[in-house]
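Q: What follows is a single structure, and I will ask about it in a moment.
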């Protein structure tokens, strides 16, 4: 989670399913973080695309509300990447 904190400080974070999937399809991310309650279908899509481009996927162990709070946002976050 330290690298996630650093990416947050540098404003390099991409938040949201659509934006993360778009970047994943072209291999423009280093890592993807998933909340513990991320929908299973979305996890499968992300893992599949990440495997193609050799991008690391990390399950945070935090639910989407906790992940939103961690990122200092007022909304829930299921997926983010940088």
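Q: Cβ neighbours within 10 Å, averaged per peptide: list 62-74, 9-21 in order, most packed at the top.
A: 62-74, 9-21
Q: Compute the relative contact order of the range 2-81 as a whole-number percentage, counting only Cα pairs closer than 8 Å that sit 6 or more residues apart in sequence.
A: Numbers: 109 pairs, mean separation 31.6, N = 80.
Result for the range 2-81 is 40 percent.
Q: Evaluate Rg over Rh across the chain, taking Cα atoms for both radii and Kirkwood's formula for Rh.
A: Result for the chain is an Rg/Rh of 0.93.
Q: Using the beta-carbon distance between residue 63 and residue 26 and R0 = 22 Å, what value does 1/(1 + (r/R0)^6) give for FRET efficiency, to the nearest 0.05?
A: Step by step, r from the Cβ atoms, then E = 0.15.
Q: Report the FRET efficiency, 1/(1 + (r/R0)^6), for residue 53 and residue 9, where r is their Cβ-Cβ distance and R0 is 25 Å, rounded to 0.05.
A: Plugging the Cβ-Cβ distance into 1/(1 + (r/R0)^6) gives 0.50.
Q: Measure off 7 Å from each Cα along the Cα-to-Cβ vector at residue 37 and residue 73, then give the distance between these two points in nanometres to one decimal.
A: Between residue 37 and residue 73, the simple spin-label model gives 1.6 nm.
Taken together, the values in this text are just the output of simple stated rules run on the coordinates, not laboratory data. Being a predicted model, the structure only gives us computed values, none of them experimental. Ideal geometry is used to build each Cβ from the backbone, glycine not excepted, and the neighbour counts take in all protein chains shown.
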